[in-house]
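The values are calculated or read from the model by the stated rules, or taken from the named source; none is laboratory data. Since we're looking at a predicted model, the values are computed, not measured. Please note: Cβ atoms are built from the backbone with ideal geometry, for glycine as well, and neighbour counts cover all protein chains shown.
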Amino acid sequence: MSIGFYNFAELHNPDFQQKVLQVYTEILKENAFIEGKYNALFEGAFGKLQGAKHALLLSNGTDALEIALLAYGVRPGEKVGITGITFWATAEAVINIGAVPVMIDVDPITGLMCTQSLKRTLERHKLKAIMPVHIYGLPAPMAEIEKICSPLGVKIVEDGAQAQGTFFAPQKPVGSGNNLTTFSFYPTKNLGAFGDAGALLTQDDELAQKIKLIRNHGRGAGGRFEVVGRNARCDHLQAAVLYLKLEKIEAQNKKRKTIAERYLKKLSTFPLRLVPEQYVGLSSWHLFPVGLKDQNQKYRLFEHLKGQQISSMLFYERSMADELPLKKYEGENESAQHFADTTLCLPIHPFLTDHEQDQVVEAIRNFLQQ
Ligand SMILES: *Cc1c(COP(=O)(O)O)cnc(C)c1O
């Protein structure tokens, strides 16, 4: 039996389909296609779950990143610090508003923003904002990052696309801090829609107001167009799916954690780079990355697993600094390069069985013993 990277058949099982059809019928009767009552219900519940005063649903996670930068007033030509270990959207958001990405290197073990590199980059570049990513579901070291940035007035956008269920500390979820935090509900994320959707979280009333304006063409409460915005609204149908899925998200994240703990135990004696133990209770375990000796060994393991019908993924095959539009970048990227060269992600989803997981572990054992 093959082992998939995701299991949509289980996630969207007949029981869930039934619930979706029910609310879809309800929405069809109301003809409320955009920003309906489920948008409001979801925003309330998701904000509460992630510890934010305001949660604003948006069209997708990429728009959320872009709108966060706009809400902070980042202007064309200004510099924004990003890391190489993220999805391309983080870099794209900066470029699309005319700002200039500057690379900040990552921690070689976790792939999270390196605070030493951040300090060095801030000495060399005037950054308007930075975008630390809670990559793989691991919390970026926000306390340290904020300590470095706040005296300089550098704005922080946290990319939490992979962090639904990530905690900085017990009772302190991603989204509960004082920065703008973005989320993506792309179907493969821990919490996914039936298409595109995203969100921006903030504690700040004024920023929330600004974001609401931008996402709906700049249209204010009185119906006048107050600023030049855009269409970044979330469909009612997507909001309804997300609201229905919220019921199970905590249990599903718990299951991911159990699987991650089991992987860590079983792989602990293997010559692999693993996520440090301290993250077990904090990560959303969106992904389970392991580090190989070098790029060659990574590709060989990928092929070996494929040969055993086990899906793994190369997140991220290259540092963003190595993507074509960023070939000539400023900043630091050495650890990100190495991290990208050596990292492979093993299957982890709430429906992975112990038996399947054991097969993955055995396949890796056989590979490493060759
Ligand atoms: C998925 C993802 C995004 C983009 O989200 P979309 O909803 O697909 O636009 C941005 N950043 C990271 C880290 C992601 O994983």
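Values computed for the structure shown
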{"quantity": "Close pairs from segment 182-196: first closer than 16 Å to H134 by Cβ and β-branched (V, I, T), partner within 7 Å of the ligand (Cβ to nearest atom) and part of a loop (DSSP other than H, G, I, E, B), Cβ under 8 Å, at least 6 apart", "calculated": "T182/A161"}
{"quantity": "Restricting segment 319-357 to residues that are without any contact (Cβ under 8 Å) to a residue 24 or more places away in the chain and charged (D, E, K, R), the residue that is surrounded by the most Cβ atoms within 10 Å (Cβ to Cβ)", "calculated": "K327"}
{"quantity": "Selection within segment 181-194 - of a type outside the set (S, T, Y) and either assigned to a strand (DSSP E or B) or within 11 Å of the ligand (Cβ to nearest atom) (or both)", "calculated": "F183, F185, P187, K189, N190, G192, A193"}
{"quantity": "Boolean, E144 is touching a strand residue (DSSP E or B) at 6+ places or on another chain (Cβ under 7 Å), within 30 Å of T258 (Cα to Cα) and of a type outside the set (S, T, N, Q)", "calculated": "no"}
{"quantity": "Residue match in segment 263-272 (condition: in contact with a strand residue (DSSP E or B) (Cβ under 8 Å, 6 or more places away or on another chain), surrounded by fewer than 16 Cβ atoms within 10 Å (Cβ to Cβ) and of a type outside the set (D, E, K, R))", "calculated": "no"}
{"quantity": "Residue within segment 105-114 that is outside any loop (DSSP other than H, G, I, E, B), crowded, with 19+ Cβ neighbours inside 10 Å and within 16 Å of the ligand (Cβ to nearest atom) present", "calculated": "yes"}
{"quantity": "Selection status of G198, of a type outside the set (V, I, T) and modelled with pLDDT under 95", "calculated": "no"}
{"quantity": "Those residues of segment 105-123 which are free of Cβ contacts under 8 Å to residues at least 60 places away in the same chain and more than 29 Å from G165 (Cα to Cα), in sequence order", "calculated": "L122, E123"}
{"quantity": "Residue in segment 161-180 that is part of a loop (DSSP other than H, G, I, E, B), surrounded by fewer than 20 Cβ atoms within 10 Å (Cβ to Cβ) and within 16 Å of the ligand (Cβ to nearest atom) present", "calculated": "no"}
{"quantity": "Residue that is nearest to the ligand (Cβ to nearest atom), among those in segment 74-104 that are free of Cβ contacts under 8 Å to residues at least 40 places away in the same chain and more than 18 Å from the chain's Cα centre (by Cα)", "calculated": "N96"}
{"quantity": "Residue check for A208: closer than 26 Å to T86 by Cα and more than 14 Å from the ligand (Cβ to nearest atom)", "calculated": "yes"}
{"quantity": "Lone qualifier among L267, L274 - being in contact with a Gly (Cβ under 9 Å, 6 or more places away or on another chain) and among the aliphatic types (A, V, I, L, M)", "calculated": "L274"}
{"quantity": "Filtered residues of segment 252-275 (kept if in a helix (DSSP H, G or I) and in contact (Cβ under 8 Å) with a residue 60 or more places away in the chain)", "calculated": "Q252, N253, K255, R256, I259, A260, R262, Y263, K266, L267"}
{"quantity": "Odd one out for K19, checked against (1) in a helix (DSSP H, G or I); (2) under 19 Å from K155 (Cα atoms)", "calculated": "(2)"}
{"quantity": "Pick from segment 294-309, criterion touching a strand residue (DSSP E or B) at 6+ places or on another chain (Cβ under 9 Å) and in a loop (DSSP other than H, G, I, E, B), ranking: nearest to F351 (Cα to Cα)", "calculated": "Q309"}
{"quantity": "Qualifying residue in segment 52-66 (condition: over 20 Å from the mean Cα position of the chain (by Cα) and among the β-branched types (V, I, T))", "calculated": "no"}
{"quantity": "One residue from K248, K212 being in a helix (DSSP H, G or I), modelled with pLDDT of 95 or more and more than 19 Å from I348 (Cα to Cα)", "calculated": "K212"}
